[in-house]
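Note sheet for the following structure.
The values are calculated or read from the model by the stated rules, or taken from the named source; none is laboratory data. What you are looking at is a predicted structure, and each value in this text was computed from that prediction instead of being measured. In this analysis, Cβ positions are derived from the backbone assuming ideal geometry, glycine residues included, and neighbour counts consider all displayed protein chains.
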Amino acid sequence: MALKIAVAGVNGRMGRCLVQSVSAPNSGCVLAQATEAPGSSIIGADAGEIAGVGRNGVIVTDSLSETADFDVLIEFTRPAPSLADLAFCSKHGKAVILGTTGFSDAEKEVIAETARSIPVVFASNFSVGVNLVFRLLDTATRVMGSTADIEIIEAHHRHKVDAPSGTALSMGEAVAAALGKNLKDISVRGRDGITGERPEGVIGFSAIRGGDIVGDHTVLFAQDGERVEITHKASSRMTFANGAVRAAVWAADKPAALYDMQDVLGLR
């Protein structure tokens, strides 16, 4: 039997990709519910037509139905509606794939607490390639981290509202963990004016916003005479959507806990 998927934010570019991925013939899934923010012009429209996959009879609503006729929710929207939907899924015992970024520390604690009652796969990036990069960063940091200057450079489209990106921060956390440090204690977010020499042991972040860049991330390890760059470039949001659907299939029968894509891919 096909896994029933609910998708939030179906009018966004990521939401449309999620509907396309769920609707793919080999996904093992079927779209069961589709939501968009209250007041959206597409409320009442057919979700399949919105996503360009053809009419599928799933009508876009402004909230999850109390019938909760789905198995897993995939949520890539904004923090406030994501937390509301997370509470709904906790109430109804539904798994959640959470790709929203920009949460505060307090909101992340709410997510962790909710995952005590339902399975939640929470990741800053659902790309298989990016999650491979996290493993590579651990190795590179253990080899070069004590002698190299480490900088993280990320680029996204003009519509992205948070910076640094969630993926860039996750990369920084992977590096910091390999150094045995807390990222908050050693991160530098941008530079301006007379900054003085670069201090040792910090991780610098630079964020670029422009055009329709899907997502580029580079971690630079620079030392005298050489540098190593580990880069991931996404050319299509479908890589994130396909990863999220893969996570949904994986999470459907898992016990309540907080997971990430490292768990889904068996990298942990």
* Options 257, 247, 252; residue that is surrounded by fewer than 19 Cβ atoms within 10 Å (Cβ to Cβ), closer than 21 Å to residue 8 by Cα and touching a residue at least 24 places away in the same chain (Cβ under 8 Å) -> 252
* Quick one: count up the residues across the range 239-268 that are of a type in the set (S, T, N, Q) and farther than 20 Å from residue 29 by Cβ. => 1
* Structure fact -> residue 134 meets each of (1) in the same structural domain as residue 15 (by TED's automatic domain parsing); (2) aromatic (Phe, Trp, Tyr); (3) touching a residue at least 40 places away in the same chain (Cβ under 8 Å) with one exception, condition (1)
* To do: May I ask you to say which residue of 167, 218 is closer than 18 Å to residue 149 by Cβ, out of contact with any Pro (no Cβ under 7 Å at 6 or more places or on another chain) and hydroxyl-bearing (Ser, Thr, Tyr)?
  => 218
* **Filter result for residue 116 (at pLDDT 95 or above, in a loop (DSSP other than H, G, I, E, B) and within 25 Å of residue 229 (Cα to Cα))** => no
* Structure fact -> Residue hits (the range 70-93; in contact with a strand residue (DSSP E or B) (Cβ under 6 Å, 6 or more places away or on another chain) and touching a residue at least 60 places away in the same chain (Cβ under 8 Å)) are 70, 71, 72, 73, 74, 75, 77, 82, 85
* Structure fact -> From the option list 175, 161, single residue qualifying as among the aliphatic types (A, V, I, L, M), within 21 Å of residue 101 (Cβ to Cβ) and modelled with pLDDT under 95 is 161
* For the range 130-147, enumerate the residues that are at pLDDT below 95 and basic (Lys, Arg). => 135
* To do: Could you tell me whether residue 7 is over 22 Å from residue 251 (Cα atoms) and part of a strand (DSSP E or B)?
  => no
* To do: Within the range 64-90, track down each residue that is under 25 Å from residue 160 (Cβ atoms) and not acidic (Asp, Glu).
  => 73, 74, 76, 77, 78, 79, 80, 81, 82, 83, 84, 86
